[in-house]
Structures are given as structure tokens and as C-alpha cells.
Amino acid sequence: MWDSSVFLSTLTPKFYVALTGTSSLISGLILIFEWWYFRKYGTSFIEQVSINHISPWISGNDNGTDSPAPTAASGSGGSSGSSGTTQSMPECKVWRNPLNLFRGAEYQRFYWATQKEPLTFYDMNLSAQDHQTFFTCEGDAGKAEYEIMQTAWRERNPVVRIKAAKSALELNPDCAPAYILLSEEEATTIVEAEKILRTALKVAEGNYKRSQTFQHQGTIAEGIHRRDTNVLIYIKRRLAMCARKLGKLKEAVKMFRDLTKEISPIMNVLNIHENLLEALLEMQAYADCQAVLAKYDDISLPKSATICYTAALLKARIVAEKFSPDVASKRGLSPAEMSAVEAIHRAVEFNPHVPKYLLEMKQLILPPEHILKRGDSEALAYAFFHLSHWKHVEGALNLLHCTWEGTFRMLPYPLERGHLFYPYPTCTECADRELLPAFHEVSVYPKKELPFFILFTAGLCSITALLALLTHQYPESMGIFASTTLSWFSLPFHFVKERIEAIWPCNLLQQLSRI
């Protein structure tokens, strides 16, 4: 039998240098690949292989399905799907904030008070694209006032934008888009904005009636009428929002209800039903809220934080006042409490960032003009306007506090599988960092903690690299250290060998072979 001590004595320092260097190189390559995969997909490659391939093989489950690598899911959250869905998920999409504030009357006042820019250039650039899309058309060619407005939306300096709008009105007092810009940016109070918008409404209604007469006289005429329709709807919506901010709730609700009956393409962008829900909650007209939800909280329609959390609030309202976690843990949840908890879990699965803002565990800031559904930007926009509604319902925040974290136990791998919605999209963090100001700490879900295998390979790479360096610098000492270490590790095997030889005769195998 080969003696291990003889083998160890024949090894040279060069062997140890080559061994540790090769080990360091291999572990370094594994570390680089693991880090790249983690940065791209938010999970460990080795962990994925062990979960999706090795574990089913060991457990004998041949029917296990492989989870595809996470891809960017739609901000819309789309329709509900089963947890094991493998159908392709829509791309990450940024939506216009239905409750966006006025730049002059609200965002600008925040800047005057704090000297912090509440809006990012990326966010304002998206708004400029929206305005150009809906408030301009091919029929504006050759009309100086509308050509001025086409460039005014793209100006970065607000003073230049306001000056351009005023010059457009000097050329044509019936240029409704110019009034929109002035109401959004020049007016420093909601009252001033409402006054400008009422003037804009008269102008927009006149333009709409004129273009309606000629809308069937070619594509250019249709484009002009479509533009005038968009302008009219936008002005009515902003007037309704002014009424809501000034406390004229019944007037605001009536205007929002009338607007939800419109069928213009711009309605797909404005999501006016969310404005209606917020105004009804302020009135505490919960039955009307439930009627609106019945229409828009449909499996075939895109979801939003407003829809999911309003549904949870309405169900929590029934049981929240008398809810006690101690009593519930002893007797169990009643059917109504179970329904409320399930609604909260559904809402948290759709957007897990909202509870920390509602529970005031994280500071609110002014919401951006665009949001990413299921992202931190949407959570901010929802909580900024709806926190007061949760406070109006006695015990609702307590019920949320006691139950919302239970959602995460149902979703151990949210980037791969969802329960009621598509897997949580990986694109939200990057988009939210573009939409939200630098002074805000973006909320990230799930937390991208380094997987064990990345830490293990990093430690292995570092240790083997250090051993290779020491062996190169001190070959004789490291050779003695390696021989001693290997001898220590071989002692248990020598002990087992001696015990076996003591029990069994040395010639036992020879005797068995003869038999």
C-alpha cells in the first residue's frame, strides 16, 4: 500500500504553486461568472441549477419544470396568472401619473422651500414627449403659433417655455395648448391655474366644434380634430383636479364621471378612473368606490396600486375597527377577516413598496409625473394621495401592519414565480432611479443580497490567491506547512486503517480469494 508520507515528501514547492494558482484561477472565473449572472438576473446561477435541475433529480421528480431566466416584466402587472406561468411577460412600461401635480403651483413651490429639484430631466422629457404627441399634429405645419408650441414643449428652461407660450397667444389667442402650458408652469397657485384653465376650456370647446365639422375631409383634418379632442379632455381633467384640490369634491366627482365616458385614445393614458376613486375616497363614498372598482378591477384589465390597495382598503374597512391580532391568533380568522387579509396580500404582491409609505416607515416625497407600475415611483404616487384615506378608516393601518409581511412568505422566489400576478419585474429599480430625484432613496424589492455561492467563491478565490503568493515567496516554508497540514488531515484515515487491520487478519483477502 502506497505510503502517503512518501508521496508528500516527493512533492516540490513548484507543485504547490501550480496547485494554488490553478485553484485561484478557477475560483476567480467562477466568481466573475456568478457576479455577472447575479447583476443581470438578480440571482445565483449555481443556486438556480441546484434548485431547478439537481434538486428534482435527487428527489426523483421528473415532472419539475425549469424556470426561465427572469426577464423584465410589464409595469402594468397585466392580468392575474398562476404561479407557474411560463408565458412571455410584457416589457417594462412607464405610465403617466394620473395624479400628477402642477409644476408651477406645487413642484415649483417645493423647490422654493427646499432648493431641491423634485423632478428629474428624464421625467420631464417624458412629459414633453406626451405633450408633443397629444397636443400637436401634421395640420400645424405653416401655423406659426402651433410651430412655436411644438418646440416649446422641448425647451429645458421653464422661463423660455412660458415666454414661447405667451408669444404663441399673441399670434393666435385661440391657441389652447399655450394656455395649458401657462396653467401648468406659470400659475403659482391652484386658483390661478384654474382661472387659466377655464379660459382654455372656452377656447378648446370652440376649436373642437370647428374641427368636428371638417373631420371627415382627409387625414389632416382628422388629425386636427383628434388633437383638439385631446386638448379638450386634458383641460377638463385638469379642471376637475383643481376642483378636487380646492375642496369642491362633488363638482370634481361629476367631472371625472363625465370624462370616464369618453372613448378618445388619450383616455388609455390618463387613467381618469383613478382620479375618480381618489375623490370618492375623500368624500368617504365607499359604496360608490366599490361600484367603480367592480368595473375596473377585472381580470382582463391592467392593474395598478390604486386599484389593488383600494380594494384592500374597502375590505379592511369592514373588519379593521374590531381586529385584534391576539384574538385572531387564538380563534382564527373569520371569513370577512380572511377576505381582507387576502386582499392585502394581493395588493402587496402587486406593489410591495406601498406599505412602508402607508405605515410611515419611509419618508414621502412629491410623486413624479410618470410612474412605473409595481415600482417605488408608483408606491410614492399612491401613498402621497391615499395615506389620509387609510387613516380615515379606523384600524386599517393596524390591520395592514399585522398582515402585509405575510405576503413574502408566500413568494420565496418573487423574480421567478408569482402567486396572483406575473413574477416581480427586474426592471423597476433602474427605471425608478431615472424617474425619482437623487435625494430619494429608491426602494428595491426583493433586496439583492449576495447569494452564498458568490461569497463562497469570493472567499475561496482570495484564500487560494493568498496561498499561491505565499508559496511563491516562501516555497520551502509553505511546502513544510502543506505537508504538515495534509498529514493532519490524513491522521483520521490512518487511524481507521489501523483499526481495520487490527480486527481483520492481513491475509484475509488472500484466504477469501482461495475459497
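The values are calculated or read from the model by the stated rules, or taken from the named source; none is laboratory data. Predicted model, so just to flag it, every value in this text is computed and none were measured. All Cβ positions, even for glycine, are placed from backbone atoms using ideal geometry, and neighbour counts span all protein chains on display. What goes into the accessible areas is simple: the full protein's heavy atoms, side chains included, and nothing from ligands, DNA or RNA. Shrake-Rupley method; radii C 1.70, N 1.55, O 1.52, S 1.80 Å.
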Whether any residue in segment 367-384 is touching a Phe, Trp or Tyr at 6+ places or on another chain (Cβ under 7 Å) and without any contact (Cβ under 8 Å) to a residue 40 or more places away in the chain is what I want to check. yes
Within segment 373-396, the residues that are modelled with pLDDT under 95 and among the aliphatic types (A, V, I, L, M) are Val393, Ala396
Could you go through segment 208-221 and let me know if any residue there is crowded, with 16+ Cβ neighbours inside 10 Å, part of a helix (DSSP H, G or I) and either modelled with pLDDT of 95 or more or of a type in the set (Lys, Arg) (or both). no
From the option list Glu282, Glu278, single residue qualifying as open to solvent by less than 10 Å² (accessible area, probe 1.4 Å), charged (D, E, K, R) and touching a residue at least 40 places away in the same chain (Cβ under 8 Å) is Glu278
| Is it the case that Tyr146 is among the aromatic types (Phe, Trp, Tyr) and more than 30 Å from Ile307 (Cβ to Cβ)? | yes
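Residue-by-condition table, conditions (1) outside any helix (DSSP H, G or I); (2) open to solvent by 60 Å² or more (accessible area, probe 1.4 Å); (3) not acidic (Asp, Glu):
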{"residue": "Phe385", "(1), (2), (3)": "no, no, yes"}
{"residue": "Asn398", "(1), (2), (3)": "no, yes, yes"}
{"residue": "Thr407", "(1), (2), (3)": "no, no, yes"}
{"residue": "Pro414", "(1), (2), (3)": "yes, no, yes"}
{"residue": "Pro425", "(1), (2), (3)": "yes, no, yes"}
Looking across segment 429-454 at residues that are open to solvent by less than 10 Å² (accessible area, probe 1.4 Å) and part of a helix (DSSP H, G or I), the single one that is modelled with the lowest pLDDT is Ile454
